[in-house]
Amino acid sequence: MKTLGFIGLGKMGRGMCRNLIRAGYSLSVYDKDSAAAAAFSETACVRTSPSEVFEKGEVVFFSLPSSLVVKSIIKEIPAEGIRGKTVVDMSTGDPFDSREFYSYFQEHGGEYADSPVTGDPEAAERGQINTAFGGDETVFERVRPLMSAFCNNCVYMGGSGSGALTKVAANYIGVQYIAIYTQIFSLAQKMELNPQKLYDFISENTGMGCGALRFHGPKIIGGNREVAFAVELALKDLLYAKKLFDSFNTPAFTLDGAIDLLRTALKDGAKGRDITCCADVVKEYLGKEDSSEKKV
């Protein structure tokens, strides 16, 4: 049985880590938040640094907020500590950075794969998330049985950066759907068209009743701002996409407006709130006078 490492025990990571433990694997774990790490004190070996996790783990999973954080963790690992180790990075990151990490690990005798996950913390706890894997196919085949402890579907997408690009593409599409919904349902309400009736008509009569509409539409209409996707994380992912278009000197025609909307929400105090709070930003621009409406 392999000894595994897990770095990043936040909302997604803790569920994935628990499922690996339930599957019988021995884990060394680390999180900069000592309280998050302490929650595993009875079921895993809590380490005081990333380098300690690498010392003990043959395969190390990352579940971190961004490529910038991944880079900071990698910098803490001595180059000689990488040899013979495999990193499976499940963070949503920059595909260009993922390729750099891959080359760095190859240079020092290790293996790196980008394998971001889809789903929410509850799905992670149930072991029912999905992942898009980028890297060497031989590594994929070797780690897939480990990932089956917390994933429904592990899909091999191609070489280094392919997993990260797949996740950026998915979020690029999804966030823009949400940006559209927050605008049009707010406009409908301003013009005294019942937004619930508009939602029902679109869902049932237009062929556009997709999963994004079914999940986010009722939240936007009903004012439920329970956090499923925080504004600042959505913006991070759109900026990754923007960087990709910019690298080819190509305008991102539909992207800039969504970025502006998210930035406006954050400027108005939406950090840590769900992306559907962008509806409140739009309502404010529309000049809604009902004081009972929550503002960002």
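The values are calculated or read from the model by the stated rules, or taken from the named source; none is laboratory data. If you're wondering where the values come from, they're calculated on a predicted model, not measured in any experiment. FYI the Cβ positions are ideal-geometry reconstructions off the backbone, even for glycines, and counts take in every protein chain you see.
Every condition in (1) touching a Gly at 6+ places or on another chain (Cβ under 6 Å); (2) assigned to a loop (DSSP other than H, G, I, E, B); (3) not polar (S, T, N, Q) holds for Ala149 except the one numbered (1).
Out of everything in segment 206-257 that is acidic (Asp, Glu) and in contact (Cβ under 8 Å) with a residue 24 or more places away in the chain, what residue ends up being surrounded by the fewest Cβ atoms within 10 Å (Cβ to Cβ)?
Our first condition is that a residue be acidic (Asp, Glu); within segment 206-257, this holds for 226, 232, 237, 246, 256.
Remaining after also requiring in contact (Cβ under 8 Å) with a residue 24 or more places away in the chain: 226, 232, 237.
Working: Glu226: 8, Glu232: 15, Asp237: 24.
Restricting to residues being acidic (Asp, Glu) and in contact (Cβ under 8 Å) with a residue 24 or more places away in the chain, the top hit is Glu226.
Residue check: Val282 meets all listed conditions (1) assigned to a helix (DSSP H, G or I); (2) modelled with pLDDT under 95; (3) over 27 Å from Val117 (Cα atoms); (4) not hydroxyl-bearing (Ser, Thr, Tyr) but one, namely (2).
From the list Phe253, Phe215, pick out the single residue that is modelled with pLDDT under 95 and part of a helix (DSSP H, G or I). Step through it out loud before you land on a result.
Numbers: Phe253 fails: part of a helix (DSSP H, G or I).
After ruling out the rest, the residue left standing is Phe215.
Quick one: in segment 129-146, which of the residues that are β-branched (Val, Ile, Thr) and in a helix (DSSP H, G or I) is farthest from His216 (Cα to Cα)? Before you say what the answer is, go through the steps one by one.
Let us first name the residues in segment 129-146 that are β-branched (Val, Ile, Thr), namely 129, 131, 138-139, 143.
Subsequent filtering for residues that are in a helix (DSSP H, G or I) retains 138-139, 143.
Numbers: Thr138: 38, Val139: 36, Val143: 34 Å.
Here the answer is Thr138.
When each of Glu192, Glu141 is tested for being free of Cβ contacts under 8 Å to residues at least 60 places away in the same chain, farther than 30 Å from Gly110 by Cα and surrounded by fewer than 18 Cβ atoms within 10 Å (Cβ to Cβ), the lone residue that passes is Glu192.
Only residues that are crowded, with 17+ Cβ neighbours inside 10 Å, part of a helix (DSSP H, G or I) and hydrophobic (A, V, I, L, M, F, W, C) were counted in segment 88-128, giving 4.
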